[in-house]
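Accompanying notes for the structure given below.
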Amino acid sequence: MSDSISLIRNTFSNNFSTEMLRNMGKAAEIIDGKKIAGEIKKELKRDIDKWMENNNNRAPSLVAILVGEDPASKKYVQFKMQAAKEVGITSSTIKLDSSVTENELLDLINKLNKDDKCDGILVQLPVPDHVSERRLCNAVDPKKDVDGFHINNIGKLCSNVDTFVPCTALAVIELLKRSKIETFGKNVVVCGRSKNVGLPMAMLLHSDYRNELPGMEATVTMCHRNTPPDELMYFTKRADIIVSATGVVNLIKADMVKPGACVIDVGITRIPTEDGKSKIVGDVDFEGVEKIAGHITPVPGGVGPMTVAMLMKNTFQAAKGLKAVIQ
Ligand code: GUN
């Protein structure tokens with residue numbers, strides 16, 4: 001061990017490994033979600049072309065239902081349609097006024113459930129307050145549920161049964177795998193407990209290799225809005241991996257991160273800038289944390305593009321009549 005490393009270890013803590021201490025002072029490796037998503041889409045295009053050629057299949061198809069005029073939702077759906085085009089998935093968006101009733105939406109979903117030319121259905125969230133998000137998600141045929149939001153699919157995931165898994169959770173797992181971040185026996189903190197992101201994330205990360213899920217084998221701690229700040233810091237400082245999905249800007253700061261840890265930022269918040277415009281930021285104080293972490297995802301360009309790529313993978317699986325995309 002070098003003198004400087006043993007000095008730091010003696011000064012600070014004996015809990016830091018030599019590898020972590022070597023990492024101190026070095027900028028973290030940036031996990032480029034946009035680039036990895038590009039690679040996945042290329043692989044997918046090749047697989048879809050082959051599947052269509054070999055089996056004389058029509059292209060997989062995806063239908064998005066977009067209710068109202070929320071600019072962020074419109075943008076996300078546009079990204080999804082663009083990605084579908086890139087990989088050879090036929091896609092369409094059904095745009096509806098925010099005054100549409102819940103029954104009208106349920107009728108539309110039923111029609112799409114019965115349509116043999118539609119493989120995957122997604123209802124872009126959020127929906128207006130007069131409509132129940134849960135009832136809509138549960139109306140989608142679980143076999144066409146490419147978002148993995150149907151209660152049967154959530155239940156299967158929580159029972160270690162292979163099924164459609166929400167795309168953001170899949171995106172994080174794929175980023176960890178492709179960046180060769182070890183999860184076996186590691187401490188992971190998931191910040192945020194939403195049913196669409198935090199919960200599926202935690203389920204996958206602690207999954208047992210003896211079941212159908214991918215066997216990530218981590219020790220997972222879930223923190224949320226009622227975790228006191230000093231307790232949050234207690235857990236994050238011991239975490240080998242932090243996944244933050246809260247929408248709280250600057251929640252994760254440098255002094256909360258163990259040297260060399262992998263920090264995955266799922267947050268997406270639009271904030272005003274000094275020039276009167278706006279920009280997208282995540283949950284992590286990127287400038288501070290990148291000096292401490294071993295790996296970090298940027299916002300934008302990290303988890304976001306990967307989530308869209310995983311939606312394309314789920315849609316291809318739906319077209320093939322199979323379930324999960326986890327390898
Ligand atoms: N709104 C924000 N994220 C998502 C998502 O992953 N799927 C859908 N359907 N709506 C969203």
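Would you pick out the residues in region 158-169 that are surrounded by 24 or more Cβ atoms within 10 Å (Cβ to Cβ) and touching a Ser or Thr at 6+ places or on another chain (Cβ under 8 Å)? Reasoning before the result, please.
At the first step, the residues of region 158-169 found to be surrounded by 24 or more Cβ atoms within 10 Å (Cβ to Cβ) are 164-169.
Matches in region 158-169: Cys167, Thr168.
Is there a residue being touching a residue at least 24 places away in the same chain (Cβ under 8 Å), more than 30 Å from Pro71 (Cα to Cα) and of a type in the set (Ser, Thr, Tyr) anywhere in region 243-257? Checked against the condition, which is being touching a residue at least 24 places away in the same chain (Cβ under 8 Å), more than 30 Å from Pro71 (Cα to Cα) and of a type in the set (Ser, Thr, Tyr), region 243-257 yields no hits at all. For region 209-259, the set of residues classified as of a type in the set (Val, Ile, Thr) and either under 17 Å from the mean Cα position of the chain (by Cα) or crowded, with 17+ Cβ neighbours inside 10 Å (or both) consists of Val220, Thr221, Thr227, Thr236, Ile241, Ile242, Val243, Thr246, Val248, Ile252, Val257, listed by residue number. Selection over region 146-173 of residues that are within 10 Å of the ligand (Cβ to nearest atom) and either out of contact with any helix residue (DSSP H, G or I) (no Cβ under 9 Å at 6 or more places or on another chain) or charged (D, E, K, R) (or both) gives a count of 1. When region 148-176 is filtered for residues that are in contact (Cβ under 8 Å) with a residue 60 or more places away in the chain, in contact with a Lys or Arg (Cβ under 9 Å, 6 or more places away or on another chain) and over 18 Å from Ile36 (Cβ atoms), the ones remaining, listed by number, are Asp162, Thr163, Phe164. In region 40-63, is there at least one residue being surrounded by 13 or more Cβ atoms within 10 Å (Cβ to Cβ), small (Gly, Ala, Ser) and within 16 Å of the ligand (Cβ to nearest atom)? No - not one qualifying residue is present in region 40-63. Residues in region 177-196 that are surrounded by fewer than 24 Cβ atoms within 10 Å (Cβ to Cβ), of a type in the set (A, V, I, L, M, F, W, C) and either within 22 Å of Ile268 (Cα to Cα) or touching a residue at least 60 places away in the same chain (Cβ under 8 Å) (or both): Ile181 alone.
Starting from residues that are within 14 Å of the ligand (Cβ to nearest atom) and among the basic types (Lys, Arg), keep the ones in region 67-118 and report whichever is surrounded by the fewest Cβ atoms within 10 Å (Cβ to Cβ). Among residues in region 67-118 that are within 14 Å of the ligand (Cβ to nearest atom) and among the basic types (Lys, Arg), the one surrounded by the fewest Cβ atoms within 10 Å (Cβ to Cβ) is Lys75. Scanning region 35-52 for residues that are among the basic types (Lys, Arg) and free of Cβ contacts under 8 Å to residues at least 24 places away in the same chain returns Lys35, Lys42, Arg46, Lys50. For Pro200, the conditions (1) surrounded by fewer than 16 Cβ atoms within 10 Å (Cβ to Cβ); (2) within 16 Å of the ligand (Cβ to nearest atom); (3) outside any loop (DSSP other than H, G, I, E, B) all hold with the exception of (1).
For (1) within 24 Å of Gly321 (Cα to Cα); (2) touching an Asp or Glu at 6+ places or on another chain (Cβ under 7 Å), each residue gets a yes or a no:
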position	(1), (2)
Glu53	yes, no
Ser61	yes, yes
Glu69	no, no
Ser73	no, no
Val77	yes, no
Met81	yes, no
Thr93	yes, no
Ser99	no, no
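Would you mind stating whether Leu176 is outside any loop (DSSP other than H, G, I, E, B), within 16 Å of the ligand (Cβ to nearest atom), modelled with pLDDT of 95 or more and not aromatic (Phe, Trp, Tyr)? No: the conditions fail for Leu176.
The values are calculated or read from the model by the stated rules, or taken from the named source; none is laboratory data. Predicted, not measured: the structure shown is a model, and the values here were computed from it. No Cβ is skipped: glycine too gets one built from the backbone with ideal geometry, and neighbour counts run over all protein chains shown.
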